[in-house]
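**Q** Pasting in a structure now, in structure tokens, and then I'll have a few things to ask.
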Amino acid sequence: MKTLSLFLTLPILFLIAGCSKTSVDTIAESDALLQTDIQFSNASVAKGAAEAFYEFMDDSSVSLSPNSDPLTGKNKIHERMLGGGNDYTLSWMPKKAEVAHSGDLGYTWGTYELSFKSENGTPQTRHGKYLNIWRKQGDGSWKLLVDIGNQSTVEK
């Protein structure tokens with residue numbers, strides 16, 4: 001009798017557990033995340049990269065920049081970016097966004113362009129690739145959790 005009762009109870013518990021999960025529209029969330037990354041790039045061009053990153057970063061963000069040690073924390077990343085000056089323009093074009101089925105994490109990737117003037121005033125442009133990991137906030141917005149980028153070896 002105990003075995004029969006167990007076999008009847010388990011499917012009911014699994015059914016209840018399955019019904020209690022919230023359904024996440026990953027396609028809509030991915031589209032929203034892609035738009036957030038586009039807004040992030042637009043803010044970088046309009047306000048400067050340091051201010052845009054500060055606005056879009058999660059407090060516990062991690063920056064994995066080329067040729068430097070990882071840096072953790074929104075304020076530390078902002079300080080490093082300000083220390084690099086503001087005489088450059090950083091923009092990027094997201095190619096894809098994807099959100100986890102849980103709806104709380106996602107990523108974007110794409111290509112970036114960094115424009116600046118060399119020490120002698122000659123305009124320079126560098127291109128690269130990036131991967132950003134995002135975390136959904138309690139208010140429904142997306143904040144940058146991890147920023148990873150590297151320069152392309154072949155220029156466009």
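**Q** Which members of the stretch 46-80 meet the condition of being of a type in the set (Phe, Trp, Tyr) and farther than 21 Å from Lys129 by Cα? Write out each step before concluding.
**A** Looking only at the stretch 46-80, we keep the residues that are of a type in the set (Phe, Trp, Tyr), and these are 53-54, 56.
Of everything in the stretch 46-80, nothing turns out to be of a type in the set (Phe, Trp, Tyr) and farther than 21 Å from Lys129 by Cα.
**Q** Kindly list, by first and then second residue, each pair from a residue in the stretch 57-72 that is in contact (Cβ under 8 Å) with a residue 40 or more places away in the chain to a residue that is polar (S, T, N, Q), limited to pairs with Cβ atoms under 6 Å and residues at least 6 apart or on different chains.
**A** Close Cβ pairs satisfying both conditions: Val62/Thr72; Pro66/Asn150.
**Q** While we're looking at this one, here's another question. Quickly run through the stretch 37-60 and pick out the residues that are assigned to a helix (DSSP H, G or I), over 14 Å from Glu79 (Cα atoms) and not hydroxyl-bearing (Ser, Thr, Tyr). Give the derivation first.
**A** Taking the stretch 37-60 as the starting set, the residues that turn out to be assigned to a helix (DSSP H, G or I) are 37-47, 49-56.
Still in the running and over 14 Å from Glu79 (Cα atoms): 37-47, 56.
Across the stretch 37-60, the qualifying residues are Asp37, Ile38, Gln39, Phe40, Asn42, Ala43, Val45, Ala46, Lys47, Phe56.
**Q** Okay, moving on. For the subset of the stretch 78-106 comprising residues that are touching a residue at least 40 places away in the same chain (Cβ under 8 Å) and closer than 21 Å to Ala50 by Cα, which member is surrounded by the fewest Cβ atoms within 10 Å (Cβ to Cβ)?
**A** Met93
**Q** Looking only at the stretch 35-72, count how many residues are among the polar types (S, T, N, Q), closer than 21 Å to Gly140 by Cα and crowded, with 17+ Cβ neighbours inside 10 Å.
**A** Matching residues across the stretch 35-72 total 3.
**Q** Just a yes or no: is a residue in the stretch 6-24 modelled with pLDDT under 95 and touching a Pro at 6+ places or on another chain (Cβ under 6 Å)?
**A** No, the stretch 6-24 has no match at all.
**Q** Could you tell me which of the residues Ser68, Ser63, Ser102 is among the polar types (S, T, N, Q) and part of a strand (DSSP E or B)?
**A** Working: Ser68 fails: part of a strand (DSSP E or B); Ser102 fails: part of a strand (DSSP E or B).
So the residue among Ser68, Ser63, Ser102 that is among the polar types (S, T, N, Q) and part of a strand (DSSP E or B) is Ser63.
**Q** Let me ask another. Filter the stretch 119-136 down to residues that are in contact (Cβ under 8 Å) with a residue 24 or more places away in the chain and either of a type in the set (S, T, N, Q) or at positive phi (or both) and give me whichever is surrounded by the fewest Cβ atoms within 10 Å (Cβ to Cβ).
**A** So, considering only residues that are in contact (Cβ under 8 Å) with a residue 24 or more places away in the chain and either of a type in the set (S, T, N, Q) or at positive phi (or both), the one surrounded by the fewest Cβ atoms within 10 Å (Cβ to Cβ) is Thr125.
The values are calculated or read from the model by the stated rules, or taken from the named source; none is laboratory data. This is a predicted model, so every value here is computed, not measured. Heads up, the Cβs are rebuilt from the backbone with ideal geometry, glycines too, and the neighbour counts pull from every protein chain shown.
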